[in-house]
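I have placed the structure first, in the form of C-alpha coordinates, so that the comments after it can refer back to it.
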Amino acid sequence: MVWRIDNPTSISPMPAIPAAGTEAFFTGGNPGAGQASTIVDAWWANMVQEEIRNVVVAAGIAPNKHDNTQLSQAIQAITGGNIYLPLAGGTMTGVIDFGAGFPTTMPDPDPDITGARLDLHAAGTGDPDWCIGIEPNGMWFGAATPGGHFSFYGGTTINARVPPNGNPTQPYDLMTLGYWHSVVRPPLTGNTNFYINHSTGSDTTGDGSAGNPWQTLQYAYNWIQANVNFAGWQVTINMADGTYTGGLVAAGSFIGANNAGSLVILGNSADPTAVVIHTTGADCVDVSAGGSIELKHLTIISAASGGAGGDGVTASYAGELFLYDMNFGNCSQNQIYAAAGGSVIIMSSYQITGGSVTHAQAAQQGYIEMSSNPDRPVHVTLTGNPNFSGAFVMAGDGGIYAANNTFAGSATGPRYDAHLNGVIFTGNKGANYFPGSVAGGVSTGGQYG
(Lines give C-alpha, C1' and ligand atoms only; values in the text may rest on other atoms or scores of the structure.)
Protein backbone atom coordinates (compact mmCIF):
# COMPACT_ATOMS: atom_id res chain seq x y z
CA MET A 1 0.00 0.00 0.00
CA VAL A 2 3.06 2.26 -0.25
CA TRP A 3 2.71 2.59 -4.04
CA ARG A 4 -0.29 4.71 -4.93
CA ILE A 5 -3.00 3.05 -6.98
CA ASP A 6 -2.26 3.51 -10.69
CA ASN A 7 -5.04 1.79 -12.64
CA PRO A 8 -6.97 3.65 -15.42
CA THR A 9 -9.78 4.61 -13.03
CA SER A 10 -7.52 6.50 -10.59
CA ILE A 11 -7.27 10.30 -10.70
CA SER A 12 -4.90 13.07 -9.68
CA PRO A 13 -4.78 15.17 -7.57
CA MET A 14 -6.34 13.51 -4.50
CA PRO A 15 -10.02 14.45 -4.09
CA ALA A 16 -11.04 16.61 -1.15
CA ILE A 17 -11.89 14.79 2.08
CA PRO A 18 -15.51 15.37 3.23
CA ALA A 19 -16.43 16.83 6.62
CA ALA A 20 -15.98 14.50 9.59
CA GLY A 21 -18.95 12.43 10.67
CA THR A 22 -19.47 10.08 13.61
CA GLU A 23 -16.75 7.43 13.87
CA ALA A 24 -17.96 3.83 13.61
CA PHE A 25 -16.94 0.40 12.29
CA PHE A 26 -17.26 -1.70 9.12
CA THR A 27 -20.04 -4.26 8.81
CA GLY A 28 -20.71 -7.05 6.35
CA GLY A 29 -24.41 -6.23 6.60
CA ASN A 30 -27.46 -8.25 7.66
CA PRO A 31 -30.08 -8.53 4.85
CA GLY A 32 -32.61 -10.12 7.18
CA ALA A 33 -32.50 -7.11 9.48
CA GLY A 34 -32.35 -4.59 6.67
CA GLN A 35 -28.74 -3.68 7.49
CA ALA A 36 -26.65 -2.84 4.44
CA SER A 37 -22.95 -3.67 4.28
CA THR A 38 -20.47 -0.83 4.68
CA ILE A 39 -19.39 1.05 1.55
CA VAL A 40 -15.63 1.67 1.37
CA ASP A 41 -15.36 5.30 0.27
CA ALA A 42 -12.51 6.54 -1.90
CA TRP A 43 -11.51 9.19 0.63
CA TRP A 44 -11.04 6.48 3.30
CA ALA A 45 -8.88 4.31 1.01
CA ASN A 46 -6.80 7.40 0.12
CA MET A 47 -6.32 8.16 3.82
CA VAL A 48 -4.97 4.66 4.59
CA GLN A 49 -2.75 4.75 1.49
CA GLU A 50 -1.23 8.16 2.36
CA GLU A 51 -0.71 7.41 6.08
CA ILE A 52 1.46 4.37 5.25
CA ARG A 53 3.21 6.07 2.33
CA ASN A 54 4.16 9.07 4.52
CA VAL A 55 6.12 6.81 6.91
CA VAL A 56 8.19 5.40 4.04
CA VAL A 57 8.83 8.78 2.45
CA ALA A 58 9.79 10.31 5.84
CA ALA A 59 12.46 7.61 6.16
CA GLY A 60 14.00 8.73 2.84
CA ILE A 61 12.89 5.65 0.93
CA ALA A 62 11.52 6.00 -2.60
CA PRO A 63 8.21 4.10 -3.00
CA ASN A 64 8.63 0.90 -5.02
CA LYS A 65 5.58 -0.91 -6.37
CA HIS A 66 7.38 -4.26 -6.29
CA ASP A 67 8.78 -4.13 -2.74
CA ASN A 68 6.45 -5.17 0.07
CA THR A 69 9.01 -4.60 2.84
CA GLN A 70 9.26 -0.81 2.62
CA LEU A 71 7.17 -0.02 5.70
CA SER A 72 9.34 -2.37 7.78
CA GLN A 73 12.47 -0.77 6.32
CA ALA A 74 11.17 2.70 7.17
CA ILE A 75 10.49 1.82 10.81
CA GLN A 76 13.97 0.36 11.16
CA ALA A 77 15.51 3.41 9.52
CA ILE A 78 13.61 5.89 11.71
CA THR A 79 14.42 4.13 15.00
CA GLY A 80 17.92 3.09 14.00
CA GLY A 81 17.18 -0.34 15.46
CA ASN A 82 17.16 1.18 18.94
CA ILE A 83 14.47 1.75 21.54
CA TYR A 84 14.24 5.24 23.04
CA LEU A 85 12.61 5.53 26.45
CA PRO A 86 10.58 8.69 27.19
CA LEU A 87 12.91 9.86 29.94
CA ALA A 88 11.52 13.40 30.03
CA GLY A 89 7.84 13.94 30.63
CA GLY A 90 6.55 10.63 29.26
CA THR A 91 5.53 7.17 30.40
CA MET A 92 6.01 3.85 28.67
CA THR A 93 4.16 0.73 29.78
CA GLY A 94 4.45 -2.88 28.67
CA VAL A 95 7.39 -5.19 28.07
CA ILE A 96 10.63 -4.52 26.21
CA ASP A 97 11.92 -7.78 24.74
CA PHE A 98 15.56 -7.55 23.66
CA GLY A 99 15.56 -11.08 22.28
CA ALA A 100 19.05 -12.56 22.44
CA GLY A 101 20.70 -9.39 23.72
CA PHE A 102 20.73 -5.63 23.92
CA PRO A 103 20.23 -3.80 20.62
CA THR A 104 23.59 -2.03 20.78
CA THR A 105 26.52 -4.45 20.85
CA MET A 106 29.59 -2.52 21.95
CA PRO A 107 32.55 -3.29 24.22
CA ASP A 108 32.40 -2.29 27.84
CA PRO A 109 34.64 0.77 28.50
CA ASP A 110 36.65 -1.21 31.05
CA PRO A 111 39.10 -3.60 29.33
CA ASP A 112 38.48 -6.52 31.68
CA ILE A 113 34.78 -6.85 30.88
CA THR A 114 33.24 -7.36 27.47
CA GLY A 115 29.61 -7.65 26.52
CA ALA A 116 26.68 -5.57 25.31
CA ARG A 117 25.21 -2.33 26.47
CA LEU A 118 21.95 -0.40 26.37
CA ASP A 119 22.35 3.33 25.70
CA LEU A 120 19.83 5.74 27.19
CA HIS A 121 19.35 9.19 25.71
CA ALA A 122 17.41 11.99 27.40
CA ALA A 123 16.82 13.39 23.92
CA GLY A 124 18.33 13.29 20.45
CA THR A 125 21.39 11.33 19.43
CA GLY A 126 25.12 11.55 20.08
CA ASP A 127 26.87 10.17 23.15
CA PRO A 128 24.49 8.35 25.50
CA ASP A 129 23.50 10.11 28.73
CA TRP A 130 23.51 6.86 30.66
CA CYS A 131 24.35 3.22 29.94
CA ILE A 132 23.60 -0.25 31.22
CA GLY A 133 26.18 -2.89 30.32
CA ILE A 134 25.74 -6.63 30.71
CA GLU A 135 27.81 -9.76 30.21
CA PRO A 136 27.57 -13.33 31.54
CA ASN A 137 29.19 -12.66 34.93
CA GLY A 138 28.62 -8.99 35.56
CA MET A 139 26.87 -5.77 34.79
CA TRP A 140 27.68 -2.08 35.06
CA PHE A 141 25.83 1.23 35.25
CA GLY A 142 26.86 4.78 34.47
CA ALA A 143 28.66 6.71 31.73
CA ALA A 144 30.33 4.89 28.84
CA THR A 145 33.79 6.09 29.83
CA PRO A 146 36.52 4.42 31.91
CA GLY A 147 35.95 5.31 35.56
CA GLY A 148 32.58 6.87 34.80
CA HIS A 149 30.49 3.97 36.08
CA PHE A 150 30.44 1.22 38.66
CA SER A 151 30.20 -2.53 38.13
CA PHE A 152 28.88 -5.64 39.80
CA TYR A 153 30.90 -8.65 38.89
CA GLY A 154 31.75 -12.17 40.05
CA GLY A 155 30.24 -15.63 40.06
CA THR A 156 28.54 -16.68 43.27
CA THR A 157 29.71 -13.52 45.06
CA ILE A 158 28.77 -10.03 43.93
CA ASN A 159 31.42 -7.37 44.44
CA ALA A 160 31.16 -3.64 43.94
CA ARG A 161 33.69 -1.42 42.23
CA VAL A 162 33.62 2.39 42.38
CA PRO A 163 35.54 4.72 40.05
CA PRO A 164 39.28 5.10 40.78
CA ASN A 165 38.65 8.53 42.31
CA GLY A 166 35.55 7.32 44.10
CA ASN A 167 34.44 9.26 47.14
CA PRO A 168 32.10 7.43 49.53
CA THR A 169 29.85 10.48 49.63
CA GLN A 170 29.06 10.50 45.91
CA PRO A 171 26.16 8.68 44.24
CA TYR A 172 28.19 5.54 43.52
CA ASP A 173 27.94 4.44 47.16
CA LEU A 174 26.44 1.04 47.81
CA MET A 175 23.82 0.67 50.54
CA THR A 176 23.54 -1.99 53.21
CA LEU A 177 20.16 -3.70 53.57
CA GLY A 178 19.58 -1.86 56.84
CA TYR A 179 20.19 1.53 55.26
CA TRP A 180 17.99 0.62 52.30
CA HIS A 181 15.13 -0.18 54.66
CA SER A 182 15.69 3.13 56.44
CA VAL A 183 15.04 5.13 53.27
CA VAL A 184 12.81 2.77 51.26
CA ARG A 185 9.98 1.14 53.22
CA PRO A 186 9.77 -2.61 52.63
CA PRO A 187 6.14 -3.51 51.78
CA LEU A 188 4.01 -5.52 54.15
CA THR A 189 3.29 -9.07 53.04
CA GLY A 190 0.16 -9.57 55.16
CA ASN A 191 -2.17 -7.95 57.67
CA THR A 192 -0.08 -6.58 60.55
CA ASN A 193 -0.70 -5.85 64.24
CA PHE A 194 0.82 -3.29 66.59
CA TYR A 195 0.06 -2.87 70.28
CA ILE A 196 -0.30 -0.09 72.83
CA ASN A 197 -0.80 -0.27 76.60
CA HIS A 198 -1.49 2.86 78.64
CA SER A 199 0.06 1.44 81.82
CA THR A 200 2.92 -0.87 80.75
CA GLY A 201 3.81 0.51 77.31
CA SER A 202 6.55 3.00 76.42
CA ASP A 203 6.90 5.38 73.50
CA THR A 204 10.64 5.50 74.22
CA THR A 205 11.66 1.87 74.58
CA GLY A 206 8.66 0.11 73.07
CA ASP A 207 8.65 -1.37 69.57
CA GLY A 208 4.90 -1.82 69.12
CA SER A 209 4.97 -5.58 69.62
CA ALA A 210 2.64 -7.47 71.94
CA GLY A 211 5.52 -8.04 74.36
CA ASN A 212 6.91 -4.51 74.18
CA PRO A 213 4.01 -2.18 73.33
CA TRP A 214 3.95 1.55 72.84
CA GLN A 215 2.04 3.69 75.32
CA THR A 216 0.01 6.24 73.34
CA LEU A 217 -2.26 6.10 70.35
CA GLN A 218 -0.69 9.19 68.79
CA TYR A 219 2.83 7.74 68.88
CA ALA A 220 1.65 4.48 67.33
CA TYR A 221 -0.12 6.31 64.53
CA ASN A 222 2.84 8.61 63.83
CA TRP A 223 5.29 5.70 63.71
CA ILE A 224 3.10 3.68 61.34
CA GLN A 225 2.57 6.64 59.04
CA ALA A 226 6.31 7.37 58.92
CA ASN A 227 7.59 3.81 58.53
CA VAL A 228 5.06 1.38 57.06
CA ASN A 229 4.27 0.61 53.42
CA PHE A 230 0.81 -0.97 53.68
CA ALA A 231 1.10 -2.55 50.19
CA GLY A 232 -2.68 -3.04 50.17
CA TRP A 233 -2.83 -4.83 53.55
CA GLN A 234 -4.57 -3.78 56.76
CA VAL A 235 -2.77 -2.56 59.89
CA THR A 236 -4.35 -2.82 63.35
CA ILE A 237 -3.44 -0.91 66.52
CA ASN A 238 -4.57 -3.12 69.40
CA MET A 239 -5.39 -1.11 72.55
CA ALA A 240 -5.10 -2.87 75.91
CA ASP A 241 -7.91 -2.35 78.43
CA GLY A 242 -7.80 0.91 80.36
CA THR A 243 -8.32 4.65 80.02
CA TYR A 244 -6.19 6.64 77.56
CA THR A 245 -6.10 10.37 78.26
CA GLY A 246 -4.39 11.23 74.97
CA GLY A 247 -6.40 11.35 71.77
CA LEU A 248 -5.42 11.04 68.12
CA VAL A 249 -4.92 13.67 65.44
CA ALA A 250 -4.69 11.71 62.19
CA ALA A 251 -3.87 13.84 59.15
CA GLY A 252 -3.07 12.38 55.75
CA SER A 253 -3.09 8.94 54.22
CA PHE A 254 -0.66 6.02 54.34
CA ILE A 255 1.83 4.80 51.75
CA GLY A 256 0.42 1.73 50.01
CA ALA A 257 -3.01 1.98 51.67
CA ASN A 258 -5.52 1.51 48.87
CA ASN A 259 -8.59 0.44 50.85
CA ALA A 260 -11.01 2.42 52.98
CA GLY A 261 -10.25 1.88 56.66
CA SER A 262 -6.79 0.40 56.05
CA LEU A 263 -5.85 1.35 59.62
CA VAL A 264 -7.94 -0.24 62.39
CA ILE A 265 -7.92 1.02 65.98
CA LEU A 266 -9.21 -1.91 68.01
CA GLY A 267 -10.53 -1.94 71.57
CA ASN A 268 -12.19 -4.81 73.46
CA SER A 269 -14.63 -6.76 71.28
CA ALA A 270 -16.24 -8.39 74.32
CA ASP A 271 -16.76 -5.11 76.23
CA PRO A 272 -16.42 -1.73 74.45
CA THR A 273 -16.47 0.04 77.83
CA ALA A 274 -13.17 -1.63 78.81
CA VAL A 275 -11.10 0.59 76.50
CA VAL A 276 -11.76 4.30 76.99
CA ILE A 277 -10.34 7.32 75.17
CA HIS A 278 -11.02 10.17 77.63
CA THR A 279 -9.58 13.52 76.60
CA THR A 280 -9.65 17.01 78.09
CA GLY A 281 -9.01 19.99 75.84
CA ALA A 282 -8.69 17.79 72.74
CA ASP A 283 -10.96 15.69 70.56
CA CYS A 284 -10.72 11.95 71.06
CA VAL A 285 -10.11 11.08 67.39
CA ASP A 286 -9.74 13.69 64.64
CA VAL A 287 -9.16 12.45 61.08
CA SER A 288 -8.47 14.81 58.16
CA ALA A 289 -6.62 15.33 54.88
CA GLY A 290 -7.57 12.01 53.30
CA GLY A 291 -7.00 9.80 56.33
CA SER A 292 -9.19 6.68 56.54
CA ILE A 293 -9.56 4.82 59.85
CA GLU A 294 -11.79 2.17 61.42
CA LEU A 295 -12.66 2.49 65.12
CA LYS A 296 -13.89 -0.68 66.81
CA HIS A 297 -15.15 -1.54 70.32
CA LEU A 298 -14.18 1.71 72.08
CA THR A 299 -15.69 4.17 74.55
CA ILE A 300 -15.39 7.87 73.70
CA ILE A 301 -15.46 10.70 76.31
CA SER A 302 -14.26 14.26 75.70
CA ALA A 303 -14.30 17.46 77.74
CA ALA A 304 -13.47 20.90 76.38
CA SER A 305 -10.83 23.03 78.11
CA GLY A 306 -9.89 26.59 77.26
CA GLY A 307 -12.19 26.52 74.26
CA ALA A 308 -10.49 23.45 72.73
CA GLY A 309 -11.64 19.87 72.37
CA GLY A 310 -14.98 18.49 73.38
CA ASP A 311 -15.75 16.42 70.29
CA GLY A 312 -15.75 12.66 70.39
CA VAL A 313 -14.86 11.66 66.83
CA THR A 314 -14.47 14.10 63.95
CA ALA A 315 -13.73 13.86 60.23
CA SER A 316 -12.89 16.78 57.96
CA TYR A 317 -11.15 17.68 54.69
CA ALA A 318 -11.74 14.31 52.99
CA GLY A 319 -10.98 12.36 56.18
CA GLU A 320 -13.22 9.37 56.84
CA LEU A 321 -14.09 7.28 59.88
CA PHE A 322 -15.83 3.89 60.00
CA LEU A 323 -17.38 3.07 63.40
CA TYR A 324 -18.09 -0.41 64.76
CA ASP A 325 -19.66 -1.25 68.16
CA MET A 326 -18.86 2.08 69.80
CA ASN A 327 -19.97 3.54 73.13
CA PHE A 328 -20.35 7.32 73.37
CA GLY A 329 -20.08 8.87 76.83
CA ASN A 330 -20.25 12.54 77.82
CA CYS A 331 -18.77 15.00 75.34
CA SER A 332 -18.78 18.77 75.73
CA GLN A 333 -19.55 19.47 72.05
CA ASN A 334 -20.44 16.72 69.58
CA GLN A 335 -20.13 12.99 70.00
CA ILE A 336 -19.86 12.62 66.20
CA TYR A 337 -18.88 15.54 63.95
CA ALA A 338 -18.26 15.71 60.20
CA ALA A 339 -17.32 18.95 58.43
CA ALA A 340 -15.52 20.37 55.41
CA GLY A 341 -15.95 17.30 53.23
CA GLY A 342 -15.25 14.74 55.95
CA SER A 343 -17.44 11.67 56.44
CA VAL A 344 -18.35 9.36 59.31
CA ILE A 345 -19.91 5.99 58.45
CA ILE A 346 -21.51 3.96 61.25
CA MET A 347 -21.14 0.31 60.33
CA SER A 348 -22.82 -1.51 63.25
CA SER A 349 -25.05 -1.04 66.26
CA TYR A 350 -23.72 1.03 69.15
CA GLN A 351 -24.43 2.56 72.56
CA ILE A 352 -24.89 6.04 73.99
CA THR A 353 -24.28 6.38 77.72
CA GLY A 354 -23.66 10.14 77.99
CA GLY A 355 -24.88 13.43 76.64
CA SER A 356 -23.44 16.31 74.61
CA VAL A 357 -24.59 19.35 72.66
CA THR A 358 -25.37 17.05 69.73
CA HIS A 359 -24.98 13.36 69.24
CA ALA A 360 -24.23 13.76 65.53
CA GLN A 361 -23.63 16.99 63.61
CA ALA A 362 -22.82 17.42 59.90
CA ALA A 363 -21.66 20.90 58.85
CA GLN A 364 -19.89 22.56 55.92
CA GLN A 365 -20.45 19.70 53.46
CA GLY A 366 -19.72 17.03 56.04
CA TYR A 367 -21.57 13.70 55.80
CA ILE A 368 -22.70 11.26 58.49
CA GLU A 369 -24.22 7.90 57.60
CA MET A 370 -25.95 6.48 60.67
CA SER A 371 -27.33 3.52 58.72
CA SER A 372 -27.85 2.28 55.18
CA ASN A 373 -31.21 1.28 53.85
CA PRO A 374 -31.92 -1.57 53.45
CA ASP A 375 -28.65 -3.48 53.66
CA ARG A 376 -27.14 -2.10 56.89
CA PRO A 377 -29.59 -1.51 59.76
CA VAL A 378 -28.09 0.06 62.87
CA HIS A 379 -29.60 -0.23 66.34
CA VAL A 380 -28.79 2.48 68.89
CA THR A 381 -29.15 1.81 72.62
CA LEU A 382 -29.41 4.85 74.91
CA THR A 383 -28.80 4.46 78.65
CA GLY A 384 -29.40 6.98 81.43
CA ASN A 385 -31.68 9.39 79.49
CA PRO A 386 -28.78 11.57 78.20
CA ASN A 387 -29.34 15.20 77.28
CA PHE A 388 -28.53 16.77 73.91
CA SER A 389 -29.03 20.50 74.38
CA GLY A 390 -28.56 21.41 70.68
CA ALA A 391 -30.28 18.43 69.10
CA PHE A 392 -29.83 14.69 68.89
CA VAL A 393 -28.89 15.15 65.20
CA MET A 394 -28.03 18.44 63.49
CA ALA A 395 -27.24 19.33 59.88
CA GLY A 396 -26.17 22.78 58.76
CA ASP A 397 -24.80 22.83 55.20
CA GLY A 398 -24.14 19.11 55.65
CA GLY A 399 -26.00 15.82 55.36
CA ILE A 400 -27.08 13.01 57.68
CA TYR A 401 -28.44 9.74 56.29
CA ALA A 402 -30.34 7.69 58.89
CA ALA A 403 -33.04 5.74 57.05
CA ASN A 404 -32.58 2.36 58.74
CA ASN A 405 -32.05 2.95 62.47
CA THR A 406 -33.89 1.72 65.51
CA PHE A 407 -33.56 3.32 68.94
CA ALA A 408 -33.98 1.88 72.42
CA GLY A 409 -34.03 4.17 75.45
CA SER A 410 -34.76 7.86 75.78
CA ALA A 411 -33.04 11.23 75.63
CA THR A 412 -33.87 14.85 76.42
CA GLY A 413 -33.51 17.87 74.17
CA PRO A 414 -34.55 18.59 70.56
CA ARG A 415 -34.83 15.58 68.30
CA TYR A 416 -33.30 17.24 65.24
CA ASP A 417 -32.20 20.56 63.75
CA ALA A 418 -31.82 21.08 59.99
CA HIS A 419 -30.68 24.55 58.93
CA LEU A 420 -28.56 26.40 56.35
CA ASN A 421 -29.62 23.94 53.61
CA GLY A 422 -28.61 20.98 55.74
CA VAL A 423 -30.39 17.68 55.02
CA ILE A 424 -31.46 15.00 57.49
CA PHE A 425 -32.80 11.99 55.58
CA THR A 426 -34.82 9.36 57.46
CA GLY A 427 -36.83 7.86 54.64
CA ASN A 428 -39.91 9.70 55.95
CA LYS A 429 -39.85 8.03 59.35
CA GLY A 430 -41.69 10.93 60.95
CA ALA A 431 -41.01 13.78 63.36
CA ASN A 432 -40.57 11.48 66.40
CA TYR A 433 -38.04 9.13 64.78
CA PHE A 434 -35.01 10.33 66.74
CA PRO A 435 -34.78 10.29 70.56
CA GLY A 436 -35.54 13.54 72.37
CA SER A 437 -38.09 15.38 74.49
CA VAL A 438 -38.51 18.47 72.29
CA ALA A 439 -39.79 18.64 68.72
CA GLY A 440 -37.17 19.09 66.03
CA GLY A 441 -36.90 22.16 63.85
CA VAL A 442 -36.17 23.20 60.26
CA SER A 443 -34.98 26.66 59.21
CA THR A 444 -33.05 28.63 56.56
CA GLY A 445 -33.46 26.03 53.83
CA GLY A 446 -32.90 22.95 55.96
CA GLN A 447 -34.71 19.72 55.04
CA TYR A 448 -35.97 16.83 57.15
CA GLY A 449 -37.84 13.82 55.93
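With the condition kept exactly as written, say whether any residue in segment 313-329 is crowded, with 22+ Cβ neighbours inside 10 Å, touching a His at 6+ places or on another chain (Cβ under 9 Å) and of a type in the set (S, T, N, Q). Yes, there is a match, as at least one residue in segment 313-329 is crowded, with 22+ Cβ neighbours inside 10 Å, touching a His at 6+ places or on another chain (Cβ under 9 Å) and of a type in the set (S, T, N, Q).
Within segment 201-223, how many residues turn out to be β-branched (V, I, T) and buried (at least 18 other Cβ atoms within 10 Å of the Cβ)? Explain how you work it out, then say what you get.
Our first condition is that a residue be β-branched (V, I, T); within segment 201-223, this holds for 204-205, 216.
So of that shortlist, the ones also buried (at least 18 other Cβ atoms within 10 Å of the Cβ) come out as 216.
Counting residues in segment 201-223 that are β-branched (V, I, T) and buried (at least 18 other Cβ atoms within 10 Å of the Cβ) gives 1.
Would you mind telling me which numbered condition in (1) modelled with pLDDT of 90 or more; (2) under 30 Å from C131 (Cα atoms); (3) β-branched (V, I, T) T79 fails? Condition (1) is where T79 drops out.
Contact map, segment 278-297: residues that are not assigned by TED's automatic domain parsing to the domain that holds G252 paired with residues that are at pLDDT below 95, Cβ distance under 6 Å, separation 6+ or inter-chain. No pairs are found. Every condition in (1) at pLDDT below 95; (2) in contact with a His (Cβ under 6 Å, 6 or more places away or on another chain) is met by S443 except one, and the failing one is (1). Among residues of segment 411-432 that are under 20 Å from S372 (Cβ atoms), those with a Cβ under 6 angstrom from a residue that is of a type outside the set (G, A, S) and at pLDDT below 95, sequence gap 6+ or separate chain, pair up as G427/N373. If you go through segment 236-265 and keep only what is buried (at least 19 other Cβ atoms within 10 Å of the Cβ) and assigned to a strand (DSSP E or B), you end up with I237, N238, M239, Y244, L248, A250, L263, I265. Within segment 1-50, being in a helix (DSSP H, G or I) and either of a type in the set (S, T, N, Q) or over 48 Å from the mean Cα position of the chain (by Cα) (or both) holds for P31, G32, A33, A42, N46, Q49. Checked against (1) in contact with a His (Cβ under 9 Å, 6 or more places away or on another chain); (2) modelled with pLDDT under 90; (3) more than 30 Å from G142 (Cβ to Cβ), L85 passes all but condition (3).
Can you pull out the residues in segment 340-362 that are among the aliphatic types (A, V, I, L, M) and surrounded by 23 or more Cβ atoms within 10 Å (Cβ to Cβ)? Steps first, please.
Step one: filter segment 340-362 for residues among the aliphatic types (A, V, I, L, M), giving 340, 344-347, 352, 357, 360, 362.
Answer for segment 340-362, where residues must be among the aliphatic types (A, V, I, L, M) and surrounded by 23 or more Cβ atoms within 10 Å (Cβ to Cβ): V344, I346, I352, A360, A362.
Take V287 and tell me if it is under 21 Å from Q361 (Cα atoms) and of a type in the set (V, I, T). Steps first, please.
Details: under 21 Å from Q361 (Cα atoms): yes; of a type in the set (V, I, T): yes.
So V287 fits the description; yes.
Which members of segment 346-361 meet the condition of being over 11 Å from D311 (Cβ atoms) and hydroxyl-bearing (S, T, Y)? Passing the criteria: S348, S349, Y350, T353. Within segment 367-401, the set of residues being outside any strand (DSSP E or B) and within 27 Å of L420 (Cα to Cα) comprises M370, S371, N373, P386, D397, G398. Checking each residue in segment 300-312 for being part of a loop (DSSP other than H, G, I, E, B) and either buried (at least 22 other Cβ atoms within 10 Å of the Cβ) or not assigned by TED's automatic domain parsing to the domain that holds M347 (or both) picks out G310, D311, G312. Go through segment 284-299 and give me each residue that's surrounded by 23 or more Cβ atoms within 10 Å (Cβ to Cβ) and under 22 Å from P377 (Cβ atoms). Scanning segment 284-299 gives L295, L298.
The set of residues from segment 266-283 being outside any strand (DSSP E or B), buried (at least 17 other Cβ atoms within 10 Å of the Cβ) and in contact with a His (Cβ under 8 Å, 6 or more places away or on another chain) comprises G267, N268, P272.
Counting the residues of segment 407-447 that are of a type outside the set (A, V, I, L, M, F, W, C), part of a strand (DSSP E or B) and touching an Asp or Glu at 6+ places or on another chain (Cβ under 9 Å) gives 2. Checked across segment 261-284, the condition of being at pLDDT below 95 and over 30 Å from N229 (Cβ atoms) holds for at least one residue.
The values are calculated or read from the model by the stated rules, or taken from the named source; none is laboratory data. Since the structure is predicted, the reported quantities are computational estimates derived from the model, not experimental observations. Neighbour counts run over all protein chains shown; Cβ positions are idealised from the backbone, glycine included.
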